[in-house]
Amino acid sequence: MQHQHLKRYLACGCLLAWIPAVDANEHLLPDAVTVRASYAADSGDAIGGEVAWNASERWRVRAGFDHYSGTEEHLISLIRFTENRERTDVGVYLDRKLAGDSGWYVAAGIIHPQQGTRWDANPEPRSAYTLNGRQYAGMHLDEPEGRVAYASLIPYVGMGWHSSARKGWQVGAEVGVLAGLDPEFSIHTANPFRLPYLEQDLQAEADKYLSTLQADTHLSGDQQLKASLSLRYHF
């Protein structure tokens, strides 16, 4: 995991070193390039980037990505699941600049999340587990795997600011809301013994676990907050 983080930071560093050398007058090149660190309530920390084009004096179009990474432990009916948050979101945004050269703007966009998080478990083969009122041995469960899925397209609205330098380096911040995430959690096991209610009982226990943690879990609702800090080079 640390190696993956190092690779992302090196990639961002290479991008920052390359930015000032780009000739922005070439056809179709963006007007600005950005690297950013983000946090979203549904997925945690992310490293990302984007490119932007000025459509007019007041309007700007952006396209970017955010890569989320992290792990979290969950205990469902004594089965320990490790949640792996490896997900890349891509999005396009339309900004409306406000109040002259103050740097303030409002944004609206559409985000497409990659597949959601994965939950992996390795129950003890000789241990006993009670799932939805029925008894199972660990060997019956095999290696259950949970998946989180989101809606394919997620609306986004936000408000941001960047330092007002017209050319060169700028710093910025943005806060927004993702709406309509529609998170769904499903669980699957190979069920080597072909037990008729196993997967149904696993799902029932997972749903019960998530419903008791609605205030704390990132699967608790359709709306989530997202915030980011950015470093931009404007050509």
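For SER127 and GLN223, calculate 0.36 nm times their separation in residues minus their Cα-Cα distance, and state this gained length in nm to one decimal.
Gain on extension, SER127 to GLN223, equals 30.7 nm.
Full extension from ALA173 to ASP101: what is 0.36 nm times the residue separation minus their Cα-Cα distance, to one decimal in nm?
Details: separation 72, 0.36 × 72 = 25.92 nm, distance 1.58 nm.
Full-extension gain reported as 24.3 nm.
TYR39 versus GLU184, label points 7 Å from Cα toward the beta carbon: distance in nm?
Calculated label separation equals 3.1 nm.
On the protein heavy atoms, probe 1.4 angstrom, tell me the percent of accessible surface of region 78-235 carried by carbon and sulfur. The partial results should precede the final answer.
Numbers: 4590 of 8270 Å².
Carbon and sulfur atoms account for 55 percent of the accessible area of region 78-235.
Would you mind calculating the gained length between SER163 and ARG194 on full extension (0.36 nm times residue separation, minus the Cα-Cα distance), in nm to one decimal?
Details: separation 31, 0.36 × 31 = 11.16 nm, distance 6.14 nm.
Result for the pair: 5.0 nm of gain on full extension.
How large is the accessible surface per residue of region 134-229, computed with a 1.4 Å probe and reported in Å² as a whole number? Show your work: numbers first, answer last.
Values: 5210 Å² over 96 residues.
Using a 1.4 Å probe on heavy atoms only, each residue of region 134-229 averages 54 Å².
Using the beta-carbon distance between VAL61 and ASN84 and R0 = 45 Å, what value does 1/(1 + (r/R0)^6) give for FRET efficiency, to the nearest 0.05? The partial results should precede the final answer.
On the way: r = 33 Å, r/R0 = 0.74.
Calculated transfer efficiency: 0.85.
In debye, nearest 20: dipole of region 55-113 around its Cα centre with unit charges on the Cβ of K, R (+) and D, E (-)?
Working: 8 positive and 9 negative charges, 54 e Å.
The calculation lands at about 260 debye.
Of LEU131, TRP119, THR189, which is farthest on the positive side of the dipole of region 85-235, counting Cα position, with +1 on Lys and Arg Cβ, -1 on Asp and Glu Cβ, and the Cα centre as origin?
TRP119
The values are calculated or read from the model by the stated rules, or taken from the named source; none is laboratory data. From a predicted model like this one, the values you see are computed outputs, not experimental measurements. Please note: Cβ atoms are built from the backbone with ideal geometry, for glycine as well, and neighbour counts cover all protein chains shown. We work out accessible area using only protein heavy atoms, side chains counted, and drop any ligands, DNA or RNA first. Shrake-Rupley method; radii C 1.70, N 1.55, O 1.52, S 1.80 Å.
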